[in-house]
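Just below is one structure, and these are the notes that go with it.
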Amino acid sequence: MRANATRQALAEMRHSQRATAALQALTEQDPALAALALWCQHRDDDRTALAETWGSEIRYGAGFAALPLHEQTGVAGHHILHVALQHPGRMQAMADRMGPDFAPDIWQIGCDALINEALLAAGHALPRPALTLSRLMESIGAKSDTALLAEWDAERLYHRLVQTGASGGRGESTRKDSAALTRAYAQDQGFQPDFTAADTAAEDSAAPDQVDAGDWRAHLARALAAGRMAGVGLGALGLRLADLPQPHTPWELVLRRLLLRATLQRPAPSTARPSRRWLAQAGLAVGSGAALPAWQPRLQAPQASPAIAVALDCSGSIPTDMLRRLVAEASGIARRMTARVTLLVFDEEIRHEITLDPANWRQTLATLELPEGGGTDFRPVLARASALGASVLVVLSDLDGPTGGKRPACPVIWASPDLQPRAMPFGHVLSLAR
């Protein structure tokens, strides 16, 4: 009994006093958010200015208590959605994938814009100015319509924000200009980072144990179902939220599997020498006077090393960082399989053919001059890959061009930055949008 009382007292001490009124108001205003709030930890923290998310814990500062109740419910809902949509964990996963190229502030800008857009559409109030998805897309020259919440998730929005700016174009300078534009707009809208990556939250001694991602998907499904039945709040938008976390395999893993399958060296039969099994059977046949068995060739190790051809369509808006990540995967396979990697830069014809050295391919890509303009024709690239004897051809393109009627001798992987790439007459089509 005493142990139970102690645990209950500790739980009451942990629970936020500042957020109590806002959480109670959510039960009437938004049943979906109220249900999700039950799976979050809420506590007060004087080190926090307004509110912050740490894993599945939400911390409320003195600035939160100074807000009117209707804005308190909006801010509480904002952080509840950070937890429910697993933004800290997904940010850590994206950082692990992209390494030093990852920009955590751009990720948080996209997450905040998505959440604020959903909260305002659900009828909640937020402290002004509030960063919204519709205004963010307008600031970078992208289309803005009523279907934004159904179209964009955090991963796709992050790639969009760091790839192309309002002026379009390609390359590292344009990517930096776009990121600077995004940051400047977000600062004008009062943006401040308000959550921490999953690994940092786990290192904090006060952070509670993390809830499994599968559990959160179940919590979201039940909460949105309850909200739809009530017909108010976030539940009414549940079917239009593209940012609901769904399990998916990163394109890097899919590309790795396809490249390994294509470059795997298999023993080949040698017609010049018989197998040991045939020699043994032939010896028995000669000794017994029986007929010789059917010929069985010996298998020998392949003589030629595998080759990977990477074709870059310079007529499309393929960002340099995406090319760098794709070539990094190909180079990793090349090192493990002792394969050579050839980069083919093309539009209507092949402009550059470069053999990438595993030791300096990063420097080669950084200084590579990519021609712009012109159309796209895949036929010269397909023919050149066959002439090179490539084990596999990876084509990084928006896939808008003729392929001709002849299939190349090697497998083809079509890698497109579009979420739903167009179908190709042969090969494997891979989306790099997430």
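One table, with the values for the structure above:
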{"read-out": "Over the range 1-143, relative contact order from alpha-carbon pairs under 8 Å, at least 6 apart, %", "value": "18 percent"}
{"read-out": "At R0 = 25 Å, FRET efficiency that the Cβ-Cβ distance of residue 276 and residue 409 yields, to 0.05", "value": "0.20"}
{"read-out": "Linear extension gain, residue 426 paired with residue 128, 0.36 nm per residue minus alpha-carbon span", "value": "102.1 nm"}
{"read-out": "Part-to-part distance (alpha-carbon centres) for the range 119-151 and the range 355-434, which is given in Å", "value": "36 Å"}
{"read-out": "Order of 27, 73, 367, 196 - criterion: other Cβ atoms within 10 Å of each residue's Cβ, fewest first", "value": "367, 27, 196, 73"}
{"read-out": "Highest average packing first - 387-395, 100-108, 412-420, Cβ atoms within 10 Å", "value": "387-395, 412-420, 100-108"}
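Each value in this text was obtained by applying a stated rule to the coordinates, not by laboratory testing. Values in this document were obtained by computation on a predicted structure and should not be read as measured data. Reconstructed Cβ throughout: ideal geometry from the backbone, glycine too, with neighbour counts over all protein chains shown.
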